[in-house]
């Protein structure tokens, strides 16, 4: 059964304790004070964490990676034992400006090595359940906001992380495409009228009505200028325009593909991380210039890290735990969580040291000023923010 | 029987589900058939041979493979066979984004088009040898002593059993069985020196298995017909089939030795297929929407703008977003996609021939038009009327 927003909230109220969501937290708090916008970036394909945050002094690293290990001289040594991939000059710059929290060994029990299932787990934060709503989607449901635009995914398909019971989730790849052709006002009205119908008609109606409502606003936007390049740069330029437009957003989600490096990993990983770091560093600079520095928290995750040992194709296979990056003004710049052991592996897979829900808990608490427990369960938030 | 679709509504429902809906030109030849006769006729479409490629066809001309496939869908001659090929393309989702060789993608489509209605066992064995698939899931990197598990995993997770019906050990052992199964240029080859001749234990059976033995083992597991029957029901019949409905169709599939045509026939003749609660319960995907709209509006050629449009709606043929295939249902209703559907509806409305325009309510909805839509259509000129019909919410459902 598909419920519309009214039925959802009404039914929940009638059922009393069923809806244990913190309904106070989000919308009201944002209007009151320091509500932030979450920029959630998925490195799609499974980023090789071991070659991203590198334990360069550990001899085992070079044993596991005879062909793929980054030479000590090339590692960007931001810590006594840990350093960044040489392509990550952008992250090094963020680190030096106190804008980067690195959480090591992030994962979950019984890791799944399927892209799809593991992405589902990260996006829903419900490893044991059949996926329904996303972790961000559930957080948005906890708010009273009726803003027609709550979250934007700068991709073709709505990611499960944003799936929720209430309207306001929009996907897009190009602002200009939101110009509605003239003469279709009647069709636009039909979507609204279908919104109250049951089942599939209602779903089509609500999705369409919502699209058309925000279309006008979005069609007027243009991607921000600045030193950005590659697909991720293009998406970040769009993100900046959306963030500057003050549309009442709570989240912008982005996806950067190409991380499924089963073969010939060295050049592609270098290119990917270089694009990631440079563009994100410039993004942070641009939003701070626009006076939005205190408003935005960026989280960079991947559905899994890759296996500790390299394969015979010059690449790495699907693995388990990996690093998560939290970027913004006011982060506790530095390393968090314990780097997973390179000796105590499970079939060459890392054993996670920090549950990913502890990262999310910290983000929900800080960015949305909400109690993370009803959304995520009982996970102690990490101290990722000062 | 109350609650069941009847007469021309049942026939049109059948044509939308097994093909791309009635066209302005052919609806009159279907509308008077009994449902059972219409089922016979769509089943016969599965036996329609794949048309010869156009004389000047060159797979390497950008967009040509999508263009020719869309033309075949629009023509409607073997509509069910094309729709079934689209189903298998989504099921064994392989993307030219990685293959970068449209000729190989075209050969894979030919496999789905030619073998899609036959034995599922034979189809999967065909996929084992499909060069696009071998390149897609790193078959050439899978060598004795250094197995690449990509195909072994997806073969079970996405192609035959579904998640939860295999172990990590099964993946490792199956990868060994496929070692050396690779390609050279455009040809499938077994590279003997890379093949692991040792014993493998797959789902409790032990032997010196190769890729075909593995398929025999996998498709004989009860999980396989259940997985395929569930997917067929969700794609062709209704979005939330019950466990019982899936088990029933899986039973048919097993008893018919995994014959897909026989399984589809059982699905089409089951009462659930015509249950009114499943009427317009599925959301048209982009290909379905565009081809369905062109057919309903009486347009007989695939316009060039369709290529960009299906991209913005989220479905470029031969380029699914991942090996998991395309989304479905609400997943198609992203806001960017709906705005694009409106735009395409406007273009089709402007190009539709006047004769077809007079008939479109009958062709698209068999006269079963909600009052809300009828009210909205009043006072619109012909192109806007067609655009509103095709771009409105009712037409997005099928």
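Observations, loosely collected:
- Expressed to the nearest 5 percent, the antiparallel share of DSSP beta bridges inside the protein assembly as shown is 50 percent.
- You can think of it this way: the chain between residue B:146 and residue B:61 has 26.9 nm of extra reach, that is 0.36 nm per residue less the Cα-Cα gap.
- The stretch B:124-235, Rg to Rh (Cα coordinates; Rh as Kirkwood inverse mean 1/r): 0.96
- Listed residues A:116, A:350, A:178, most fluctuating in chain A (Gaussian network, C-alpha, under 10 Å): A:116
- Per-residue Cβ neighbour counts within 10 Å put A:57, B:226 in the sequence A:57, B:226, beginning with the fewest.
- Each 5 Å bin from 0 upward holds the following percent of the Cα-Cα pairs of the stretch B:32-190: 2, 8, 16, 18, 19, 14, 10, 7, 4, 2, 1, 0, 0.
- Result for chain B in a Gaussian network model with C-alpha springs under 10 Å: among B:230, B:329, B:367, the largest mean-square fluctuation is at B:367.
- Neighbour counts of C-beta atoms inside 10 Å place B:288, A:189 in the sequence A:189, B:288, starting with the fewest.
- Pairs of Cα atoms nearer than 8 Å and 6+ residues apart set the relative contact order; for the stretch A:230-341 it is 26 percent.
- Relative contact order for the stretch B:134-220, counting Cα pairs under 8 Å that sit 6 or more residues apart, in percent: 28
- Each label was represented as a point 7 Å from its Cα along the Cα-to-Cβ direction; for residue B:378 and residue A:185 these points are 1.6 nm apart.
- With Cα atoms defining each centre, the stretch A:212-274 and the stretch B:240-257 are spaced 44 Å apart in the structure.
- Label positions at residue A:245 and residue B:300, each projected 7 Å from the Cα along the C-beta direction, are separated by 4.3 nm.
- Residue-averaged beta-carbon neighbours from other chains (10 angstrom radius) around B:112-122: 0
- The mean sequence separation of alpha-carbon pairs under 8 Å and at least six residues apart, normalised by the residue count of the stretch B:277-398, gives a relative contact order of 38 percent.
- Computed [θ] at 222 nm, deg cm²/dmol, chain B (DSSP H ≥ 4; -39,500 (n - 2.57); rounded to nearest 500): -15500 deg cm²/dmol
- Taken as Cα centroids, the stretch A:344-376 and the stretch B:88-105 sit 36 Å apart, rounded to the nearest whole angstrom.
- Between the Cα long axis of helix B:243-255 and the first principal axis of chain B there is an angle of about 60°, rounded to the nearest 10.
- 222 nm mean residue ellipticity, helices alone, for chain A (DSSP H n ≥ 4; -39,500 (n - 2.57); rounded to 500): -11000 deg cm²/dmol
- Cα centroid separation - the stretch B:156-212 against the stretch A:69-100, whole Å: 41
- Sorted fewest first by neighbouring Cβ atoms within 10 angstrom, A:172, B:4 come out as B:4, A:172.
- Label point distance in nm, residue A:344-residue B:197, each placed 7 Å from Cα along Cα→Cβ: 4.3
- For the stretch A:269-386, the C-alpha radius of gyration sits at 1.22 times the compact-globule guess of 2.2 N^0.38 Å, with N the residue count.
- Chain B: most fluctuating residue of B:381, B:56, B:257 per GNM, C-alpha cutoff 10 Å: B:56
- Judged by the gyration tensor of its Cα atoms, with axes a ≥ b ≥ c, the protein assembly as shown is oblate; a/c meets the 1.5 cut and b/c is at least as large as a/b.
- R0 of 56 Å, Cβ-Cβ distance residue A:62-residue A:198: FRET efficiency to nearest 0.05: 0.35
- Degrees, to the nearest 10: B:64-75 long Cα axis against longest axis of chain B: 50
Rule-based calculations on the coordinates, nothing more; no lab input. The structure presented is a predicted model; accordingly, all values stated were derived computationally and were not measured. When we count neighbours, we look across all protein chains shown, and the Cβ atoms used for this are built from the backbone with ideal geometry, even at glycine.
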